[in-house]
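S.K.: Submitted below is the structure of interest, expressed as structure tokens.
The values are calculated or read from the model by the stated rules, or taken from the named source; none is laboratory data. None of the values given here were measured: they were computed from a predicted structure. With ideal geometry, Cβ positions are generated from the backbone for all residues, glycine too; neighbour counts draw on all protein chains shown. The accessibility values were calculated without ligands, DNA or RNA, using every heavy atom of the protein model including side chains. Shrake-Rupley method; radii C 1.70, N 1.55, O 1.52, S 1.80 Å.
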Amino acid sequence: MSTPARFDRGHTDDLMSFLAASPTPYHAVANAAERLEKAGFRQVAETDAWDGTSGGKYVLRGGAIVAWYVPEGAEPHTPFRIVGAHTDSPNLRVKPQPDTGAHGWRQVAVEIYGGPLLNSWLDRDLGLAGRLSLRDGSTRLVNIDRPLLRVPQLAIHLDRSVTADGLKLDKQRHMQPVWGLGEPREGDLIAFLEEESGLPAGEVTGWDLMTHSVERPAYLGRDRELLAGPRMDNLLSVHAGTAALTAVATADSRLDHIPVLAAFDHEENGSQSDTGADGPLLGNVLERSVLARGGSLEDRARAFAGTVCLSSDTGHAVHPNYAERHDPTHHPRANGGPILKVNVNNRYATDGSGRAVFAAACEKADVRFQTFVSNNAMPCGTTIGPITAARHGIRTVDIGVAILSMHSARELCGADDPFLLANALVAFLEG
Ligand code: ZN
């Protein structure tokens, strides 16, 4: 039995590439799949009959991916150990009839996805990326990764109250990016994307497109101890989960459970979709995996009853300028290690026994961890943990990495925390 290698700053370097190459959930799962393929995982189609062979497998569906590794000799009732995460981030997404403009400016009509810090999207050079659906029923990824659009802020001379009263943004009127000059022409944006993708005109019959900051992730700080970048909520966890699963699978440890990565779309707007955590995707995959190994409903129940999920998502590091917004005795710090997230009203799924599971993994990985709990006077966020627990009856623990500026177009975390999380996830998936 060999032990998986431990991650270090090289993991954070790789995270920076992953973030830059994953402007949309579709790109994130394609990049995760590429890493899984390199580790010997093979894609299985939901429309095919599944077999019970051992080895690494994954299912791709839209912006979601579920990957699992069946060790040699796994029984039908062998339980799962799951790392859960989400692939989507708040951003500006293209409306169905995008070609608009006014006063000689060409603009793209956008809808607000999730709850972004709107101010962080102003005066940023934005690219455009997503998924094109073609006439023949296939889809293709597109990524215009150069400055193409911008939401220009109003000059301070025309809004003298902004400093005293704060910036007030109307989601409809003030967030439409410009992308050139001239009169808007119907079909212009999609024709442009067809041309950029080398597709014949009229080939694209549907699209899911969104904007992203084209600024690269970067180390920051006196000793480069911080990491600045987009979509760390929650591609940081998707990346760490992918790295941990491939490490455990390639170490060929003798596992008495099946390690799983489940990365869902649509967390930022409630998870209710065919690719969201509140859909049947994870349950279907786990159940089919049991049945493919000759299992019965009884085996499924036994496997699910023994299953544990670590649901990994970002949380809040203590903010030096707003420390009063945090609980006074729980102050997660950057580079202080992964966080255990607790909320007694089930905004997080963690309980005392879940804490023990995570503490054991961290101890085995020789990683210190911290605890996040909200200030009672502040609303507590939530994530896919409670949904996974309730929907599948799976014991779930909410964990993650503490960051600043959550839901900004450019977030900030400690540069060590991504690999400390990955090491804890490896220890958990190894069991
Ligand atoms: Zn998140």
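S.K.: Can you spot a residue in segment 165-188 that is part of a helix (DSSP H, G or I) and more than 17 Å from SER408 (Cα to Cα)?
M.R.: Yes; the residues of segment 165-188 include at least one that is part of a helix (DSSP H, G or I) and more than 17 Å from SER408 (Cα to Cα).
S.K.: Which of the residues that make up segment 367-398 are within 16 Å of the ligand (Cβ to nearest atom), part of a loop (DSSP other than H, G, I, E, B) and open to solvent by less than 50 Å² (accessible area, probe 1.4 Å)?
M.R.: CYS380, GLY381, THR383
S.K.: Kindly indicate the residue of segment 252-275 that is of a type in the set (Gly, Ala, Ser) and open to solvent by 10 Å² or more (accessible area, probe 1.4 Å) and also nearest to the ligand (Cβ to nearest atom) among those meeting that condition.
M.R.: Of everything passing the filter in segment 252-275, GLY270 is nearest to the ligand (Cβ to nearest atom).
S.K.: Scan segment 67-89 residue by residue and report those that are surrounded by 23 or more Cβ atoms within 10 Å (Cβ to Cβ) and either of a type in the set (Ser, Thr, Tyr) or farther than 17 Å from GLY295 by Cβ (or both).
M.R.: ALA67, TYR69, ARG81, ILE82, VAL83, GLY84, ALA85, HIS86, THR87, ASP88, SER89
Yes/no matrix, rows are residues, columns are (1) modelled with pLDDT under 95; (2) more than 30 Å from GLY166 (Cα to Cα); (3) open to solvent by less than 20 Å² (accessible area, probe 1.4 Å):
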position: TYR26; (1), (2), (3): no, yes, no
position: GLN43; (1), (2), (3): no, yes, no
position: ALA49; (1), (2), (3): no, yes, no
position: LEU92; (1), (2), (3): no, no, yes
position: PRO96; (1), (2), (3): no, yes, no
position: ASP99; (1), (2), (3): no, yes, no
position: GLN107; (1), (2), (3): no, no, no
position: SER120; (1), (2), (3): no, no, yes
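S.K.: Which ranges mark the helices (runs of 4 or more DSSP H) fully within segment 259-366 that have 2 or more residues being of a type in the set (A, V, I, L, M, F, W, C) and more than 17 Å from ARG81 (Cβ to Cβ)?
M.R.: Correct list: 281-292, 297-305.
S.K.: Could you please tell me which pairs satisfy a Cβ distance under 9 Å, a separation of 6+ or placement on different chains, a first residue in segment 294-321 that is within 27 Å of GLU75 (Cα to Cα) and within 16 Å of the ligand (Cβ to nearest atom), and a second residue that is open to solvent by less than 50 Å² (accessible area, probe 1.4 Å) and acidic (Asp, Glu)?
M.R.: Within 9 Å, the pairs are LEU310/ASP398; SER311/ASP398.
S.K.: Can I ask one more? Criterion first (open to solvent by 30 Å² or more (accessible area, probe 1.4 Å), closer than 30 Å to GLY221 by Cα and touching a residue at least 24 places away in the same chain (Cβ under 8 Å)) does ARG333 satisfy it?
M.R.: Spelling it out, ARG333 is indeed open to solvent by 30 Å² or more (accessible area, probe 1.4 Å), closer than 30 Å to GLY221 by Cα and touching a residue at least 24 places away in the same chain (Cβ under 8 Å).
S.K.: Just the residues that are touching a strand residue (DSSP E or B) at 6+ places or on another chain (Cβ under 8 Å), of a type in the set (Lys, Arg) and closer than 25 Å to LEU226 by Cα, please, taken from segment 329-381.
M.R.: Result: ARG333, LYS341.
S.K.: So which residues in segment 276-291 are over 14 Å from ALA67 (Cα atoms) and open to solvent by 10 Å² or more (accessible area, probe 1.4 Å)?
M.R.: ASP278, PRO280, LEU291
S.K.: If you don't mind, there's one more thing I want to ask. In segment 204-251, which residues are closer than 30 Å to ARG135 by Cβ and open to solvent by less than 40 Å² (accessible area, probe 1.4 Å)?
M.R.: Scanning segment 204-251 gives VAL204, GLY206, LEU209, MET210, THR211, HIS212, VAL214.
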